[in-house]
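Taken together, the values in this text are just the output of simple stated rules run on the coordinates, not laboratory data. The model shown is predicted, which means the values in this text are computed figures rather than measured ones. As a convention, Cβ positions derive from the backbone with ideal geometry for all residues, glycine included, and neighbour counts pool all protein chains shown.
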Amino acid sequence: MTGSAVHRTVDGIWRIESPRIIAGLARMVRDVGLAEDLAQDALLIALEKWPETGIPDNPGAWLMAAAKRRAIDHFRRNKVRESKYEELGREIDRREEPDWDAALDDPVGDDLLRLIFTTCHPVLSQEARVALTLRLLGGLTTEEIAKAFLVPEATVAQRIVRAKRTLAAARVPFEVPPKAELAERLSSVLEVIYLMFNEGYAASSGSSWIRPMLCSEALRLGRILAEIAPGEPEVHGLVALMEIQSSRFKARVSPSGEPILLMDQNRALWDHLLIRRGLAAIEKAERLGQAFGPYLLQASIAACHARARTASETDWIRISALYDALSQVAPSPVVELNRAVALSMAFGPEVGLEAVEALTEEPSLKNYHLLPSVRGDFLLKLGREREACEEFKRAASLARNEKERELLMKRASECAAD
């Protein structure tokens, strides 16, 4: 195997193994930043040795063992707290050698759960949580994260460095939160994963409407979380939502990159394996016998679309009822806007327009491009082309994504031509 081939192989191994290696080290050293540094040291050693010796049979165990040795060396070199670190180093040496192979083969280790709760801690800003989670659990480089969110690489690097310092300064424990805090902290974790996926599914800005890499990383993290927290219905709900939404990727964009709206998509292109996985995740959540939360309700809405063989067979009355429930569990203007769309499809554009008119004075939707877009759609269906044209133009002026802006301007020009 050539040197470049080894490097590509090592990169692939690192993406898979790094979260568990960093999580295991973080438990040992109680410092997320130090854990990542030690893991990176092990990676550099591998890049130096493996081109000569070949890839070991269990590369994850090799990397973990190398990182562990680096951790012990670090403790012994530190002169400021020499006695404490030497004691910890001796303790690590005295311990019965763990079965690293078994630990790395077990995808449901507690260390990963601790790590994801740490990277998504509320002490960090939302942007910092996302960047740190993608870095440590997604295995993405700062350059890849920057490209995904269309921000300078230096900005992402600063967010990650500050996040590590904040966690250290706040002495955030590397642990699953106590029962009293679990619901709130789990909500933060799910929010980060959901944000990642949504940004990939419908990019808020830039020249591409979708960013599959972000979606695949969010889905991978969701699947990990579902394995290590199998008793949480909202985790299964979020995974189900992402599985079903991901099934539409091939049908969401034309060969030239133009967005294709849900009702116009070729459903034969939907990935039915992902749909089955999503429906199975919903069933897992339902079997837990708890009240539906926002992610499970959204997954149930997505399932209505997934089960419809054609757009005309969609059960919009059920979707409307699910949006009613969602508006009770997680009320927000965006939920109300989506509910208006469902009402329009179920009971006619007049009903939808009446619902959306109540949102026109909502401050949080003032610059939200989908409000005039939805209103324009209702007006068009009611034969009010001139008004619809103005709404689509306004929506285009507010859209930050180039492809979405082009689609809205196209709709405006079609209205003007009628």
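Computed from backbone phi, the HN-Hα couplings of the range 51-66 come to x, 8, 9, x, 6, x, 4, 10, x, x, 5, 4, 4, 5, 5, 5 Hz, rounded to whole numbers (Karplus: 6.51 cos²θ - 1.76 cosθ + 1.60, θ = phi - 60°; Gly and Pro given as x). Once you sort the root eigenvalues of the Cα gyration tensor of the chain as a ≥ b ≥ c, which label holds: rounded (a/c under 1.5), prolate (a/b larger than b/c) or oblate (the other case)? Prolate. Normalised by the number of residues in the range 308-418, the average gap of Cα pairs under 8 Å and 6 or more apart makes the relative contact order 17 percent. Amide H contacts of V253 (H built 1.01 Å from N, in plane; Pro and chain starts excluded): I260 sit under 5 Å, all sequence-distant by 5 or more or on other chains. Here the Karplus relation 6.51 cos²θ - 1.76 cosθ + 1.60, evaluated at θ = phi - 60°, turns the backbone of the range 376-391 into coupling constants of x, 5, 4, 4, 5, 5, 8, x, 9, 4, 4, 5, 4, 4, 5, 5 Hz, with x for every Gly and Pro. The alpha carbon centroids of the range 388-418 and the range 305-349 are separated by 24 Å. Exposure proxy ranking for T118, T314, T53, T9, based on other Cβ atoms within 10 angstrom of each Cβ and starting from the fewest, stands as T53, T9, T314, T118. For the range 325-406, what does the alpha-carbon gyration tensor say about shape, rounded, prolate or oblate, given a ≥ b ≥ c as the root eigenvalues, a/c under 1.5 as rounded, and a/b over b/c as prolate? It comes out oblate by the Cα gyration axes.
Using a cutoff of 8 angstrom between alpha carbon atoms and counting only pairs six or more residues apart, the relative contact order for the range 171-287 works out to 21 percent. Phi angles of the range 368-373 translate, via the Karplus equation with coefficients 6.51, -1.76, 1.60 and θ = phi - 60°, into HN-Hα couplings of 8, 5, 6, 5, x, 5 Hz per residue; Gly and Pro are given as x.
Normalised by the number of residues in the chain, the average gap of Cα pairs under 8 Å and 6 or more apart makes the relative contact order 10 percent.
Determine the shape class of the range 246-388: with a ≥ b ≥ c the square roots of the Cα gyration tensor eigenvalues, call it rounded for a/c under 1.5, and otherwise prolate if a/b is greater than b/c, oblate otherwise. Verdict is oblate for the range 246-388. Unpaired Cys in the chain, meaning no second Cys C-beta under 4.7 Å: C120, C215, C304.
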